[in-house]
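Bear in mind these aren't lab numbers, they're just calculated from the coordinates by the rules spelled out. Quantities reported herein were computed from a predicted structural model and do not represent experimental measurements. Cβ atoms come from the backbone with ideal geometry, glycine included; neighbour counts cover every protein chain shown.
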Amino acid sequence: MSQSTEGIERDVQAAVDADTATVADRVRMITLKALSEGRLDSAALKDVTSAVLRGAQQGIERPDRERTEAMRQAVRGLDEALAAAAQATVLAMQEAVGRGSEFSKQELKGTLDQIGAMESNFLHTLADAGRAANGLARTTLRELAEHARSSGTQIGSRVAVASAELTRALAALTRDQVQTGARTVRNEAGLLAALASGMLRGIADRLDPSQASDRKPPAPPPALPPAPPEL
């Protein structure tokens with residue numbers, strides 16, 4: 001992440017202490033911006049999610065009812081942003097599967113597992129934030145975690161069908177593609193994460209076109225080295 005977690009916390013703190021009606025949208029864009037500025041991998045997702053939840057707790061200076069609603073809206077914006085991150089990772093996986101000869105099946109399967117775990121990781125982080133909080137924030141976060149667990153999340157609905165499709169596509173890779181990919185030496189995890197970040201920048205700009213004019217042109221994904229010669 002090029003943006004520190006402290007900076008994310010400050011931005012979310014200011015967003016949550018503003019008009020309740022804007023909290024979800026502002027938190028969503030803060031989260032998307034943070035995730036799209038680095039490698040979109042499981043470590044980044046956990047760090048940014050935790051920073052957003054810490055900022056939401058710190059930024060609420062309101063009567064109890066408004067404070068509860070602001071927290072709910074912050075978690076909603078976070079869920080929507082993580083769903084967009086899931087979508088970006090799915091798109092990156094679809095492209096990678098289409099270039100199966102350039103990626104090992106093991107790396108593609110690992111990324112697919114990461115996609116499948118995004119909802120449960122979000123729920124665990126939300127529950128952890130509730131346990132670490134005090135007073136009304138603790139009660140609210142625990143209620144939100146229970147509600148998300150029982151009713152589902154934007155993240156879960158976004159990846160459910162896509163994961164099934166990707167599983168079928170991955171199984172369809174030919175033996176030759178898998179063997180070629182297994183011999184390829186490169187930082188595949190970094191390439192996939194960079195590709196997903198580029199996808200997420202495009203999603204973020206579509207959700208809030210005003211951000212595109214302020215954003216530096218994204219660097220292209222790292223060039224893939226040529227595949228090794230056949231043995």
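What you get for region 1-91, charging only the Cβ of Lys and Arg (+1) and of Asp and Glu (-1), is a dipole of about 140 debye around the Cα centre. One compactness figure for region 3-44 is 1.20, namely its Cα radius of gyration divided by 2.2 N^0.38 Å. Quick one: grab the alpha carbon gyration tensor of region 63-146, order the square roots of its eigenvalues as a ≥ b ≥ c, and give me rounded if a/c is under 1.5, else prolate or oblate depending on whether a/b is larger than b/c. It comes out prolate by the Cα gyration axes. Checking the a/c ratio against 1.5 first, then a/b against b/c, what shape does the Cα gyration tensor give for region 1-155? Prolate. Reducing region 80-133 and region 155-170 to their Cα centroids gives an inter-centroid distance of 10 Å.
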